[in-house]
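Below you'll find the structure, written out as structure tokens, and then a few comments.
The values are calculated or read from the model by the stated rules, or taken from the named source; none is laboratory data. Every value quoted in this text rests on a predicted model; they were computed, and no experiment measured them. With ideal geometry, Cβ positions are generated from the backbone for all residues, glycine too; neighbour counts draw on all protein chains shown. We work out accessible area using only protein heavy atoms, side chains counted, and drop any ligands, DNA or RNA first. Shrake-Rupley method; radii C 1.70, N 1.55, O 1.52, S 1.80 Å.
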Amino acid sequence: MPHPCVTPAWIGSFNLATAPPAFIDDPYPFYTALRSHSPVHPLGPHQWLLTRYDDVAALYRAPQAKSDKRREFAPKFGTGTPLFEHHTTSLVFNDAPLHTRVRRLMLGALNQRAIARMEAGVAALVQRLLDQLADQPAPDLIAHFAAEIPVEVIGNLLDVPAAERAPLRAWSLAILSALEPAPSAEVLARGHAAVTAFCDQLRSLVAHRRAHPGDPQADVLTRLIQGEADGTQLTETELLHNCIFLLNAGHETTTNLIGNGVHALLTQRAAWDRLVAEPGLIHTAVEELLRFESPLQLNNRQLDAPLVLGGLTLPAGDFLTLGVGAANHDPAQFHQPAVLDLARKPNHHLAFGHGAHACAGLNVARLEARIALGALAQRYPQLALAGAPVRDRRVRFRGFSALPVAVS
């Protein structure tokens, strides 16, 4: 049934910067209308929103679609500000040659052997958090479980002292909230302060690690500091901001994947019961949950050459917003996309991006989600919602601020 807010007039005037509350609650009816009536949708002069799977996938592959955000972020953050320096230095918002160099070092530090070594530690962390969840007077799946996992995992990868990890989640939220289409002055101020505080902490950590290197096969920070055998190294600024990026990307993706996943499973109880009864489904279940409620709903590119898309010729310089969540619900690609099918195959979702800019930490996020969701289903098969969830009100990222649960 069409959403009452989705009318022809609404479609013509839709803009992410002024999206109605109903869009944040449930964007998929809006995406459906846009795909049908305005699949390459104008958001402003030389700005477009894409909602079809084929268009989003094509943009991820197109050589003229660039990730560099200096032109976009200069007026948004102010040239030379902490947020500008961070978001124009981190891996995700850069192109070759910087992107190639940083990504190679990052993937070298997060190789399959490194991820395999993490598994036992993640499993132990999850079991400890599950023990503690039952002791909480008001268990919140986000604060007491989902958000704790990536902070501890990335904290361990960078060897951040346990006593210094308390502010990491708040810093991450502040920095990434500044990426919203229209951040307020207050949001920007929090973001600038978070980047500055995070860099200050990391400088001390990096200086200590330079003086006392760890095992580069097990210590990600040491590996990033030392660089590659051919002499490739990060500058100090690149190192600091890509350590921040590691935490930010891991925190947003994993926290929201677990939180969104549990909410979807518990509100479609047959799917939860199936996962409890068939734990071997966990691998395809994680992929389906990534598709069904993608943690990253929107991505961005800028054209450096004209591109023909959906019958339109878009000129160089245009900004394109990729509707990842919309693409992952496109019925042209996914049979019955509104159905949560834990055994869905094939499942070529775009939750982690595609091509050269696919998420560098995707295998870490998959590992965390697989262990966390699998263990949760086996430990608490009667898990249920215990109150109204609190939806995160951002449009770029989709998740919950709080998810009350009953564990027995």
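Can you name the residue in region 11-26 that is over 19 Å from Pro183 (Cβ atoms) and open to solvent by less than 30 Å² (accessible area, probe 1.4 Å) and, of all such residues, is modelled with the lowest pLDDT? Step by step, filter region 11-26, then rank; the result is Ile11. Looking only at residues in region 258-311 that are of a type in the set (Asp, Glu) and more than 20 Å from Leu383 (Cβ to Cβ), the one that is farthest from the chain's Cα centre (by Cα) is Asp304. Is there a residue in region 89-108 that is part of a helix (DSSP H, G or I), more than 30 Å from Ile154 (Cβ to Cβ) and open to solvent by less than 10 Å² (accessible area, probe 1.4 Å)? No, there is no match, as no residue in region 89-108 is part of a helix (DSSP H, G or I), more than 30 Å from Ile154 (Cβ to Cβ) and open to solvent by less than 10 Å² (accessible area, probe 1.4 Å). Of the residues Leu281, Leu275, Leu240, the single one that is out of contact with any Lys or Arg (no Cβ under 8 Å at 6 or more places or on another chain), part of a helix (DSSP H, G or I), surrounded by 15 or more Cβ atoms within 10 Å (Cβ to Cβ) and of a type outside the set (S, T, N, Q) is Leu275. Residue count for region 130-143 satisfying the condition of being surrounded by 22 or more Cβ atoms within 10 Å (Cβ to Cβ) and part of a loop (DSSP other than H, G, I, E, B): 1.
Counting the residues of region 174-228 that are in a helix (DSSP H, G or I) and either in contact (Cβ under 8 Å) with a residue 60 or more places away in the chain or small (Gly, Ala, Ser) (or both) gives 22.
Only one of the numbered conditions (1) open to solvent by less than 10 Å² (accessible area, probe 1.4 Å); (2) of a type outside the set (A, V, I, L, M, F, W, C); (3) free of Cβ contacts under 8 Å to residues at least 24 places away in the same chain is violated by Tyr31, and that is (3).
Can Asp215 be described as touching a Leu at 6+ places or on another chain (Cβ under 7 Å), open to solvent by 60 Å² or more (accessible area, probe 1.4 Å) and of a type outside the set (Gly, Ala, Ser)?
Judged against the criteria, Asp215 is not a match.
Would you tally the residues in region 53-85 being within 23 Å of Val102 (Cα to Cα) and touching a strand residue (DSSP E or B) at 6+ places or on another chain (Cβ under 9 Å)? Result for region 53-85: 11. Does at least one position in region 327-341 carry a residue that is part of a loop (DSSP other than H, G, I, E, B) and under 21 Å from Ile371 (Cα atoms)? Within region 327-341, one or more residues are part of a loop (DSSP other than H, G, I, E, B) and under 21 Å from Ile371 (Cα atoms). Of all residues in region 183-195, none satisfies being open to solvent by less than 60 Å² (accessible area, probe 1.4 Å) and over 25 Å from Pro82 (Cα atoms). Taking the condition modelled with pLDDT of 95 or more and within 20 Å of the chain's Cα centre (by Cα), does Phe73 pass? So Phe73 fits the description; yes. Taking region 56-87 as the range and being part of a loop (DSSP other than H, G, I, E, B) and farther than 17 Å from Asp304 by Cα as the test, the residues that pass are Gly78, Thr79, Gly80, Thr81. Looking across Leu247, Leu257, Leu312, one residue alone is open to solvent by 10 Å² or more (accessible area, probe 1.4 Å) and either in contact (Cβ under 8 Å) with a residue 24 or more places away in the chain or under 30 Å from Ala166 (Cα atoms) (or both). It is Leu312.
Selection over region 14-50 of residues that are in a helix (DSSP H, G or I), closer than 21 Å to Ala332 by Cβ and touching a strand residue (DSSP E or B) at 6+ places or on another chain (Cβ under 8 Å) gives a count of 2.
Sort out which residues of region 348-390 are open to solvent by less than 30 Å² (accessible area, probe 1.4 Å), in a loop (DSSP other than H, G, I, E, B) and either of a type outside the set (Gly, Ala, Ser) or touching an Asp or Glu at 6+ places or on another chain (Cβ under 9 Å) (or both), and write them in order of number. Those that are open to solvent by less than 30 Å² (accessible area, probe 1.4 Å), in a loop (DSSP other than H, G, I, E, B) and either of a type outside the set (Gly, Ala, Ser) or touching an Asp or Glu at 6+ places or on another chain (Cβ under 9 Å) (or both): His349, Leu350, Ala351, Phe352, Tyr380, Leu383. What's the total number of residues in region 44-59 that are open to solvent by 20 Å² or more (accessible area, probe 1.4 Å) and under 16 Å from Pro181 (Cβ atoms)? Counting residues in region 44-59 that are open to solvent by 20 Å² or more (accessible area, probe 1.4 Å) and under 16 Å from Pro181 (Cβ atoms) gives 5. Taken over region 144-167, the criterion of being assigned to a helix (DSSP H, G or I) and under 16 Å from the mean Cα position of the chain (by Cα) is satisfied by Ala146, Glu148, Ile149, Pro150, Val151, Val153, Ile154. Is there a residue being among the charged types (D, E, K, R) and farther than 22 Å from Gln233 by Cα anywhere in region 139-149? Within region 139-149 (the criterion being among the charged types (D, E, K, R) and farther than 22 Å from Gln233 by Cα), the answer is yes, since at least one residue qualifies. Among the residues of region 196-208, the one identified as open to solvent by less than 60 Å² (accessible area, probe 1.4 Å) and of a type in the set (S, T, N, Q) is Gln201.
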